[in-house]
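Have a look at the structure below, then the notes.
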Amino acid sequence: MSEYVGKQQLLAELEDQLRSVLTVTDLEKTQSVMLQLLNNYDVERRAGVEDPVVASRDFVQMFVDAKITEGRTRNTIARYTYILNRFFHDANVTAQETTAFHIRNYFLQEKKRGISDSTIGGYRDVFRSFFGWLFNEELIRKNPCANIGVVKEEKKVRKIFNPVEIQAMIEKSKNLRDKCIILVLLNTGCRVSELCGMDVKDVDVENREVIVHGKGRKERTIYFDTVTAWNLRRYLKFYKKQADEPLFPHRKNNERLTASGVRVMLKGIEKRSKVEDVHPHRFRRTFATNMIDRGMPIQEVAALMGHEKIDTTMEYVYQSKDRVKKSYEHYSA
């Protein structure tokens with residue numbers, strides 16, 4: 001296929017020429033005007049310039065290959081690949097041509113589609129990693145993400161499950177496996193990916209602990225209460241599970257249950273129990289909040305949840321008005 005210099009390349013060259021004489025705001029306004037003007041013209045093809053999508057996919061593959069050698073997980077690699085290839089396909093621009101203007105415009109179009117700020121913030125993190133790597137490898141002359149600011153997210157109140165809701169979900173579980181999944185999510189604070197990765201041999205029912213493999217392949221030990229232990233003991237005995245088998249397989253076969261499978265199961269419980277917003281992350285928030293309410297130090301809660309930064313753990317803790325008021329009354333008396 002013959003290749004071409006597109007309108008985005010002209011904008012990139014314009015930016016190079018005007019960066020030293022215009023402010024950032026004026027430069028972006030100029031780019032916008034030029035883009036509208038160029039839409040009235042055809043662009044001639046010429047040989048020797050790569051197709052934007054194909055060329056960018058080559059760079060994406062080089063990037064993910066580097067991340068694989070650094071030990072990134074399969075899920076992380078898949079996420080990088082999907083987000084980057086989708087950007088280059090939609091923006092119709094090569095990695096060398098990409099400017100801050102293209103990235104900001106892409107974010108704007110995503111917001112218009114109804115994509116949340118938190119998701120767009122995740123895009124930014126991927127782009128910063130990708131273009132930063134290209135720049136350090138001297139595959140591009142400038143890093144277009146260098147001046148892309150943090151995407152501010154709307155602070156929403158994310159409530160936890162109350163005891164009535166928890167009891168309703170347990171009662172509406174179809175079988176012992178589903179009941180154990182709810183109890184493990186609720187009483188260990190593990191991620192859904194960690195739950196799906198558990199094998200029978202990882203669980204020590206007598207000592208009420210389980211080994212999980214978290215983000216970055218980091219192994220840690222987490223714990224569960226006596227109620228969860230009692231149900232897990234019944235579950236393992238009833239299904240006669242072997243040590244090397246997945247702890248929670250699909251019901252129709254012995255293959256490992258996936259994160260999407262867990263979410264589908266929880267949505268079924270949501271429908272039957274009439275409890276709103278049943279998903280794995282809400283169990284994790286409930287665990288963190290309950291532990292803090294019972295007096296566990298935040299550092300220990302962070303360790304159980306696999307967080308390196310306490311600030312991350314605090315994002316999971318639901319600050320109810322009643323709890324804040326009681327704390328105020330205690331310390332102000």
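The values are calculated or read from the model by the stated rules, or taken from the named source; none is laboratory data. Treat the numbers as computed from the prediction; the structure is a model and nothing was measured. With ideal geometry, Cβ positions are generated from the backbone for all residues, glycine too; neighbour counts draw on all protein chains shown.
Tabulated values for the structure
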read-out: Residue in region 294-302 that is surrounded by 18 or more Cβ atoms within 10 Å (Cβ to Cβ) and in a loop (DSSP other than H, G, I, E, B) present; value: no
read-out: Residue check, residue 161 in contact with a Leu (Cβ under 7 Å, 6 or more places away or on another chain) and in contact (Cβ under 8 Å) with a residue 24 or more places away in the chain; value: no
read-out: Residues that are in a helix (DSSP H, G or I) and hydroxyl-bearing (Ser, Thr, Tyr), drawn from region 116-131; value: 118, 119, 123, 129
read-out: Condition check for residue 125: within 18 Å of residue 142 (Cα to Cα) and out of contact with any helix residue (DSSP H, G or I) (no Cβ under 6 Å at 6 or more places or on another chain); value: yes
read-out: Residues (over 17 Å from residue 193 (Cα atoms), under 24 Å from the mean Cα position of the chain (by Cα) and assigned to a helix (DSSP H, G or I)) located in region 270-291; value: 270, 286, 288, 289, 290, 291
read-out: Residue 304 touching a strand residue (DSSP E or B) at 6+ places or on another chain (Cβ under 7 Å) and either modelled with pLDDT of 90 or more or not assigned by TED's automatic domain parsing to the domain that holds residue 178 (or both); value: yes
read-out: Residue in region 184-202 that is over 27 Å from the mean Cα position of the chain (by Cα) and assigned to a loop (DSSP other than H, G, I, E, B) present; value: no
read-out: Scan of region 76-98 for residues that are farther than 15 Å from residue 125 by Cβ and touching a residue at least 24 places away in the same chain (Cβ under 8 Å), ordered by number; value: 85, 88, 89, 91, 92, 93, 94, 95, 96, 97, 98
read-out: Residues located in region 96-121, provided they are small (Gly, Ala, Ser) and either in contact with an Asp or Glu (Cβ under 7 Å, 6 or more places away or on another chain) or at pLDDT below 90 (or both); value: 114, 116, 118, 121
read-out: Subset of region 88-104 that is assigned to a helix (DSSP H, G or I) and among the aliphatic types (A, V, I, L, M) - its residue that is surrounded by the most Cβ atoms within 10 Å (Cβ to Cβ); value: 103
read-out: Pairs where the first residue, in region 99-110, is on the phi > 0 side of the Ramachandran plot and the second is in a helix (DSSP H, G or I), C-beta under 6 Å, 6+ apart; value: none
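The rows are residues; the columns are (1) crowded, with 16+ Cβ neighbours inside 10 Å; (2) in contact with a Phe, Trp or Tyr (Cβ under 9 Å, 6 or more places away or on another chain); (3) not in a helix (DSSP H, G or I).
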| residue | (1), (2), (3) |
| --- | --- |
| 80 | yes, yes, no |
| 106 | yes, yes, no |
| 114 | no, no, yes |
| 133 | yes, yes, no |
| 138 | no, no, yes |
| 146 | no, yes, yes |
